[in-house]
1. What is the average number of partner chain Cβ atoms found within 10 Å of a Cβ in A:10-18?
2. What is the fewest-to-most order of B:D36, B:D7 by other Cβ atoms lying within 10 Å of their Cβ?
3. Tally Lys and Arg at +1 and Asp and Glu at -1 over the other residues with C-beta under 10 Å from the C-beta of B:R73: what net charge comes out?
4. Compute the normalised compactness of segment B:1-91: alpha-carbon radius of gyration over 2.2 N^0.38 Å, N being the residue count.
5. Given H placed 1.01 Å from N in the peptide plane, which residues other than close sequence neighbours of B:L135 have an amide H under 5 Å from its amide H?
6. Give a residue-ordered list of calculated ³J(HN,Hα) values for segment A:38-55 (Karplus: 6.51 cos²θ - 1.76 cosθ + 1.60, θ = phi - 60°; whole Hz; x for Gly, Pro).
7. Would you give the gap between the C-alpha center of segment B:31-105 and the C-alpha center of segment A:43-114, rounded to a whole Å?
8. Between A:T5 and A:S65, what is the label-to-label distance in nm when each label sits 7 Å out along the Cα-to-Cβ direction?
There are 2 protein chains.
Amino acid sequence: MSGTTIDLDPSWSIGDKIHGGYLLAEVVRAALEGGDYPHPLGVSAHFASAPDPGAADVEIELLRSGRRVEFLRAHLSQGGTHRAEVLITAGTLPDEAPRYVSADAAPPEMPSPDECGRSIAETPTGGRIGPALHLDMRLDPATTGWIRKEPTGQGVVRAWIRPGDGSPIDPYWLLIAGDAPPPVTFDLGLRGWVPTITLDAHIRALPAPGWLIAEQKAQVVGGGWLDETCTLWDETGRLVASLRQLAGYKEV
Amino acid sequence: MSGTTIDLDPSWSIGDKIHGGYLLAEVVRAALEGGDYPHPLGVSAHFASAPDPGAADVEIELLRSGRRVEFLRAHLSQGGTHRAEVLITAGTLPDEAPRYVSADAAPPEMPSPDECGRSIAETPTGGRIGPALHLDMRLDPATTGWIRKEPTGQGVVRAWIRPGDGSPIDPYWLLIAGDAPPPVTFDLGLRGWVPTITLDAHIRALPAPGWLIAEQKAQVVGGGWLDETCTLWDETGRLVASLRQLAGYKEV
């Protein structure tokens, strides 16, 4: 076990809580620093409580190191309160083109970024939406009826996303982008916070520079729980990551 | 932290290694035993090395207990060698019908179980396929061209599955069923072992008695890695679980 401290930048908060994707990127970066493998391939996080901006303690355990991958665990806490537990399988991302891509893994048809609406940076009550400050995110209007108070009833959100703050496009950034689109619950007529309970990410390739396409979909929303899978493609149409969440919602 | 020992039944081995879904079911059962919440809702496992049949040590840590869920971690080892790390979010599965189900979350069209082929219980070289002894699994012939030496090139396998050994149909059993279908690589013309590196499961509802329908699909196969998502529906057509893997393969 080794311990380190990370500093969670308040500009990444949504309201008064830190964005989950940013948090995860910082934890995974700290865990891989100085290790034998450069890239996260598989990341699994269970979020026990919402983190505050500021310092956070990360305990890192190297579980096993192999020829092709290594396995790590990170335990995140603040003031002794457990925030998140993260498992990381690290390795080296492949370069070559895939040998099989399923029909449903092709990027969706989208209007151009200029035809899509820029995401807002404030909640209706004036709270900060940190990711909107750091990302240039353009939402497909076909999936944002809720902004015009006409929810479509479809459990899908599509967006163009690129760094708005000069961040390098690396695997850590994919963890942020894959948790950036607004929850699909808004277009199902549900308001309110959608806390992520578990998040599992597959990082599949290094993204080309430029825009990412994000498509976030739910399969089942019921009994206070929903799944959301966010698939990310780079500008060449290559599937670069897929993040899957189990999240909670409240009927409001 | 608390420690316990589980006994991995050799009849659940594939060749000389224990089936991942069975292993996971045993670990999650041990972690939830005596706890405040009856069901696993989200499970994330990273598999560091293939477990042998026989005794295995499980260290269990209760990370945080909340009003609606609790968070646990289990560390599995054998003779001091790390086998798997498992995160579990436990709670109570909802009873009510979901408020939203996406079009792609409906069960697939399948020939009847009697029109599907029973899965074989031996590898081509005479090794044991333990799950085939414990499960009654009928594979949709449209997805098993590889058995007739005519791989279809499609990354999908469909099956009917029910316990063949009197096991109760509970959430633990869903972890087994969701890892039971043969890998989609076979119908892509790839032979050889497909070791699971990470597996995350969403358990969404208690299954009705009877058959389950399983559909396992890959999106991207390339550079030695593939994803596989296995969706499970009960006989009423309700989506009861979805398990997603990152696995390795070798070009053979």
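1. 0
2. If I rank by nearby Cβ atoms, fewest first, I get B:D7, B:D36.
3. Result for the local shell: -3.
4. 1.05
5. Amide H neighbours of B:L135: B:G164.
6. Those phi angles translate into x, 10, x, 9, x, 10, 10, 10, 10, 9, 7, 7, 6, x, 8, x, x, 6 Hz.
7. 18 Å
8. 2.7 nm
Just so you know, all these numbers are worked out from the coordinates, no wet-lab data involved. Not measured: the values here are computed from a predicted model. Virtual Cβ from ideal backbone geometry, glycine too; neighbours counted across all protein chains shown.
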